[in-house]
Amino acid sequence: MKIEINTNSYNQRRYSRPWIATVKFDSAGKAEFGWGNWIGDHANGSAGLLTIDAEEGDIIAQGQKDFRQPKNSTPEYGQIVDGKIVWLTSKVEAYTAYKKQLDQ
């Protein structure tokens, strides 16, 4: 299924382009990203649209790098449940949901 998330306009001198990815975790818990697309105009920091193909149960992540405050660059994780994104509270919760999905 196609997942689409609207993004807000931003200061392109402070922030990177928004991004989205599907996430798989290796046996050591390291996240491996399968990148999606952002449709927008980074030169002007305009609002845009994140798009990615995902399947039921997939873990996704979205984010945007903050060049002034790198600690604010932590991605948000979610899981596709019944065709919608259920946002998770942390990378640990995303890892747990991913492992649970593999066990089913």
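The values are calculated or read from the model by the stated rules, or taken from the named source; none is laboratory data. What you are looking at is a predicted structure, and each value in this text was computed from that prediction instead of being measured. Every residue, glycine among them, receives a Cβ derived from its backbone with ideal geometry; neighbour counts consider all protein chains shown.
Only one residue in T89, T96 is hydroxyl-bearing (S, T, Y) and either crowded, with 18+ Cβ neighbours inside 10 Å or outside any loop (DSSP other than H, G, I, E, B) (or both). Which one?
T96
Could you check the stretch 21-52 and list, in sequence order, the residues that are under 17 Å from V81 (Cα atoms) and either crowded, with 18+ Cβ neighbours inside 10 Å or of a type in the set (F, W, Y) (or both)?
Within the stretch 21-52, A21, T22, V23, I52 meet the criteria.
Output yes when any residue across the stretch 4-20 is surrounded by fewer than 11 Cβ atoms within 10 Å (Cβ to Cβ), at pLDDT 95 or above and in contact with a Leu (Cβ under 9 Å, 6 or more places away or on another chain), and no when none is.
Looking through the stretch 4-20, at least one residue is surrounded by fewer than 11 Cβ atoms within 10 Å (Cβ to Cβ), at pLDDT 95 or above and in contact with a Leu (Cβ under 9 Å, 6 or more places away or on another chain).
Only residues that are assigned to a strand (DSSP E or B) and of a type in the set (S, T, N, Q): list them for the stretch 1-31, please. Give the derivation first.
At the first step, the residues of the stretch 1-31 found to be assigned to a strand (DSSP E or B) are 2-7, 15, 19-25, 31.
If the condition is that a residue be assigned to a strand (DSSP E or B) and of a type in the set (S, T, N, Q), then N6, T7, T22 are the ones that fit.
Based on what the data block shows, is K65 among the basic types (K, R) and closer than 27 Å to Q101 by Cα?
So K65 fails the test.
Quick check: is even one residue across the stretch 31-43 free of Cβ contacts under 8 Å to residues at least 40 places away in the same chain, at negative phi and charged (D, E, K, R)?
Yes, the stretch 31-43 has at least one match.
I'm checking my understanding of the structure. Among residues of the stretch 53-72 that are surrounded by fewer than 14 Cβ atoms within 10 Å (Cβ to Cβ) and in contact with an Asp or Glu (Cβ under 9 Å, 6 or more places away or on another chain), which one is modelled with the lowest pLDDT?
N72
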